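A.B. asks: Pasting a structure here, questions to come.
The values are calculated or read from the model by the stated rules, or taken from the named source; none is laboratory data. Since this is a predicted model, take the numbers as computed values, not measurements. FYI the Cβ positions are ideal-geometry reconstructions off the backbone, even for glycines, and counts take in every protein chain you see. Protein only, heavy atoms only, side chains kept; ligands, DNA and RNA dropped before computing areas. Shrake-Rupley method; radii C 1.70, N 1.55, O 1.52, S 1.80 Å.
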Amino acid sequence: MRPRHCLPFLMLVALTLTSCSTVRKSADFQKRLEEIKTVAVMDPDIAIERLVFKGDNETLYDESSAAGKQARHTVEEELTNKGFQVIPEQVIQDKLKQNPDVLLTLGKIKDRYSALLGDVQNHFVKKMQWKDFNLSLTSEVNPLVDLLETDSLIFVSGSGFVNSGGETAGDLAKTLLIGAASLGSVLYVEPTAGGQVHISWVDGDNGNLLWHNFSNAGIQYNFTKEKGIKNAVKGAIRPFPKQK
Amino acid sequence: MPNRPCQRGLSLIAAALLFLQGCAVSSSEIVPLGEGTLPAKLQQEQDELRAETQRAHQYYVDRRAFYESPALEAYLQEIAQKLVPNLQLDENTKIQFKVLRDPTLNASAMLTGHIYFHSGIFSKLKNEDQLAFVMAHEISHVQRRDILYYVQNLKRKTVSFKLADIILTPAASMFGAGGLSSLGLSLMYAGSVTGYGREKESAADALGIEKLLAAGYDPDASLSFFDDLLNEKNNYQKGLDIFFLSSHPSNERRKNEVRVWMAANQGRIDTLDIIEDRTDRYRQLTYELRRENAILNESFGRFYHALDDIQSVLAEKPSDPVAHYYQGLIYLHMTERRQKIKDELSKERWKEVNSVERVKQEGEWLAAAIQSFQRSIDLDGAYAPPYKGMGEYYLKKKMFKEAESSFKRYLELAPQALDRRSVQRYLKDISSPAALPEKL
């Protein structure tokens, strides 16, 4: 198939994909939604990299940290609007600081969550039914939820990239070369920034992932900009239900 | 699909780029520690890498990612001192060890002298001599500043990869070969940048064995370690085990190189007085870590790794109730995440596992789980966790009465258990079993 003819087809595939729901719910989601009133948002893990043409990609620590803060703020705002009682960040920080053992547990849980995201991706790739969505961070979350006096936890994880000047120049060269090679029939454009955010709602009783969603990748979210991360997070949490 | 001339053209470009990649930083520019100064540019690179390492180290500290065991750290330090009497290699480089809670088979050496062992490596090592070999190998990387060489080369290779991307993509696009070229290049890229490279690894092996000999360790430990790794490779997919398993040059080749080196130095080896068998000491000081690593593997869904670990510690201490409980937990959770097992095992091993009828096999795993929990209780009736395991087993079997009594017993024995909330939830759910999810 010639590239020119590929484009409408690819657009159709993209549209079909985006019309599929990316939300996953556990079997006891409805039941727990009626019972759960409080939620604590764990420090979001957002990593942003600058793609550098001449060598190693550069992790943007300050921007990653700022994006994490913005992600937390957006999630908290959305959950409050949906009627949940959100445990304030300062309360979480203070309690964790005073309880290093629980902080250690949180580190382990976050590692487990990172590993679980692979399973979540599997779930989408293999088109499993919602009934099969039974992933868990296990009862290891119990000491954490007890300490924070919450019914549930929210985990946010994301990664983004921005192009450096050299990378952009490289992309431009590629665009021009493809244009020339195809005698102008193909307009090939690389994104200059992008990212994806995953949000999970976790049952404090048993660590089960009650609800999960992610923002669509490939859209031009620039996580170094407040608006970029905010829109990505909002996109992911929008389908989250209101508290009953 | 591309036509033939196009394929030939792409191959030529790829070959040219591969040739260009050969022109990397010269090894001779990077002098080992204590043997001269680095050129200014490399010195700056080294300072940046050191700062980066400190930052990463702090990140691990903040996340409490290190396995804390003063006894184990003292043990590692003691072995290191036999290998390198002065651990302060220069004013900015001091050999020091940390064990990361990570079940994968890995170890890494930083320019600051930090050597990070993943907990997973201790489960694969058999004795102190093997540990000393891995340690000596990593110390040699620090002394030779190999990571600096690696980073320099990575940068150059990244540039040529990106150039290739720009050159090949339009050609591929024009002839309708989109996707193929980028796939090919990714493989080329991955193949060329992983590891410190054959030469560096072989040099670190040779230096490592020199250190073993000088410290009175058995140099055969290196050969037996490679044998163990080769066995490992047959059983599992490579996945994250990037240390000796995939990023380093072929273990078979390295083993042969070590064998040749040993043959050339046989005279020295014959005079060696290997004092003692240090297997017991190694096992004793790493026992808890290896047992914890089993449950770490389990939490990552690496069930067969977890079983290997726990069965190995049970072979050492068959009357350890904690290990029996862990074994029960592994078997119990294996029934829930079969896909993980497929992802974990090598093709051949999975074929073997999958040849047994699924229901029958899961029944066997559940039976092994309940037996392990029962054995744990028999060994220590006051140890609460296996009661929770039994409760979960009975829930799976929909034997609610038995589940309830097990959970209650658990709470009686451990009223302040950190996970009591989950058990209370089970008890609440059991009181109205119709509300329980179909799949537990």
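A.B. asks: Would you confirm whether any residue within the range B:81-94 is in contact with a Lys or Arg (Cβ under 9 Å, 6 or more places away or on another chain), open to solvent by 20 Å² or more (accessible area, probe 1.4 Å), modelled with pLDDT of 90 or more and closer than 21 Å to B:LEU148 by Cβ?
C.D. replies: There is at least one residue in the range B:81-94 that is in contact with a Lys or Arg (Cβ under 9 Å, 6 or more places away or on another chain), open to solvent by 20 Å² or more (accessible area, probe 1.4 Å), modelled with pLDDT of 90 or more and closer than 21 Å to B:LEU148 by Cβ.
A.B. asks: Is there a residue being of a type in the set (Lys, Arg) and over 16 Å from the mean Cα position of the chain (by Cα) anywhere in the range A:68-88?
C.D. replies: Within the range A:68-88, one or more residues are of a type in the set (Lys, Arg) and over 16 Å from the mean Cα position of the chain (by Cα).
A.B. asks: Ok, one more. For the range B:383-391, indicate whether the set of residues that are in contact with a Lys or Arg (Cβ under 6 Å, 6 or more places away or on another chain) and either modelled with pLDDT under 95 or within 13 Å of B:PRO321 (Cα to Cα) (or both) is non-empty.
C.D. replies: So far as the range B:383-391 goes, yes, one or more of its residues are in contact with a Lys or Arg (Cβ under 6 Å, 6 or more places away or on another chain) and either modelled with pLDDT under 95 or within 13 Å of B:PRO321 (Cα to Cα) (or both).
A.B. asks: Another question, if that's okay. Please identify the pairs in which a residue from the range B:138-151 that is closer than 12 Å to B:THR112 by Cα and not assigned by TED's automatic domain parsing to the domain that holds B:MET110 has its Cβ atom under 6 Å from the Cβ atom of a residue that is open to solvent by less than 10 Å² (accessible area, probe 1.4 Å) and assigned to a helix (DSSP H, G or I), counting only partners at least 6 apart or on another chain.
C.D. replies: Taking only residues 6 or more apart or on different chains, not a single pair turns up.
A.B. asks: When the range B:237-284 is examined, which residues are found to be among the aliphatic types (A, V, I, L, M), open to solvent by 100 Å² or more (accessible area, probe 1.4 Å) and modelled with pLDDT of 80 or more?
C.D. replies: B:VAL260
A.B. asks: How many residues are over 30 Å from B:LYS428 (Cβ atoms), modelled with pLDDT of 90 or more and in a loop (DSSP other than H, G, I, E, B) if we restrict to the range A:194-224?
C.D. replies: Total satisfying the criteria: 0.
A.B. asks: Does the range B:43-78 hold any residues that are touching a residue at least 60 places away in the same chain (Cβ under 8 Å), more than 23 Å from B:LYS200 (Cβ to Cβ) and in contact with a Lys or Arg (Cβ under 9 Å, 6 or more places away or on another chain), and which are they?
C.D. replies: B:TYR67, B:TYR75
A.B. asks: Moving to a separate point now. For the condition at pLDDT below 85 and open to solvent by less than 40 Å² (accessible area, probe 1.4 Å), what is the one hit in B:GLY120, B:GLY176, B:GLY216, B:GLY113?
C.D. replies: Testing whether each residue is at pLDDT below 85 and open to solvent by less than 40 Å² (accessible area, probe 1.4 Å) leaves just B:GLY176.
A.B. asks: Which condition number does A:ASN134 fail, the rest of (1) of a type outside the set (Ser, Thr, Tyr); (2) open to solvent by 60 Å² or more (accessible area, probe 1.4 Å); (3) in a helix (DSSP H, G or I) being met?
C.D. replies: With (1) of a type outside the set (Ser, Thr, Tyr); (2) open to solvent by 60 Å² or more (accessible area, probe 1.4 Å); (3) in a helix (DSSP H, G or I) applied to A:ASN134, the lone miss is (3).
A.B. asks: Can B:ASP378 be described as free of Cβ contacts under 8 Å to residues at least 40 places away in the same chain and open to solvent by 40 Å² or more (accessible area, probe 1.4 Å)?
C.D. replies: yes
A.B. asks: Going by the structure shown, is B:LEU72 more than 16 Å from B:SER119 (Cα to Cα), surrounded by 11 or more Cβ atoms within 10 Å (Cβ to Cβ), at pLDDT 90 or above and away from chain A (no Cβ under 14 Å)?
C.D. replies: For B:LEU72, the condition - more than 16 Å from B:SER119 (Cα to Cα), surrounded by 11 or more Cβ atoms within 10 Å (Cβ to Cβ), at pLDDT 90 or above and away from chain A (no Cβ under 14 Å) - is not met.
A.B. asks: Go through the range B:297-333 and give me each residue that's of a type in the set (Ser, Thr, Tyr) and either open to solvent by less than 10 Å² (accessible area, probe 1.4 Å) or touching a residue at least 24 places away in the same chain (Cβ under 8 Å) (or both).
C.D. replies: B:TYR304, B:SER312, B:SER319, B:TYR325, B:TYR326, B:TYR331
A.B. asks: Here's something else I'd like to know. Is there any pair with a first residue in the range B:105-117 that is on the phi > 0 side of the Ramachandran plot and a second that is β-branched (Val, Ile, Thr) and at pLDDT 90 or above whose Cβ atoms are under 6 Å apart and which are 6 or more apart or on different chains, and what are they?
C.D. replies: Here the result reads B:GLY113/B:THR93; B:GLY113/B:ILE95; B:GLY113/B:VAL142, each pair linking the range B:105-117 to a residue that is β-branched (Val, Ile, Thr) and at pLDDT 90 or above.
A.B. asks: Let me ask something else about it. With respect to the numbered conditions (1) more than 20 Å from B:ASP146 (Cα to Cα); (2) free of Cβ contacts under 8 Å to residues at least 12 places away in the same chain, which one is the sole condition not fulfilled by B:ALA40?
C.D. replies: (1) is the only condition that B:ALA40 fails.
A.B. asks: With B:ARG291, B:ARG349, B:ARG337, B:ARG358 as the choices, which residue is surrounded by fewer than 19 Cβ atoms within 10 Å (Cβ to Cβ), closer than 23 Å to A:LYS108 by Cβ and among the basic types (Lys, Arg)?
C.D. replies: None of the other options fit; the residue is B:ARG337.
A.B. asks: Another question, then. I'd like to check something: does the range A:94-101 contain any residue that is away from every other protein chain (no Cβ under 14 Å) and open to solvent by 60 Å² or more (accessible area, probe 1.4 Å)?
C.D. replies: Yes, the range A:94-101 has at least one match.
A.B. asks: While we're here: Working only within the range A:34-74, note down all residues that are assigned to a helix (DSSP H, G or I), away from chain B (no Cβ under 14 Å) and out of contact with any helix residue (DSSP H, G or I) (no Cβ under 6 Å at 6 or more places or on another chain).
C.D. replies: A:GLU63, A:ALA66, A:LYS69, A:ARG72, A:HIS73
A.B. asks: Is it the case that the range B:412-431 has a residue that's small (Gly, Ala, Ser), over 30 Å from B:PRO318 (Cα atoms), in the same structural domain as B:GLY301 (by TED's automatic domain parsing) and out of contact with any strand residue (DSSP E or B) (no Cβ under 6 Å at 6 or more places or on another chain)?
C.D. replies: Yes - at least one qualifying residue is present in the range B:412-431.
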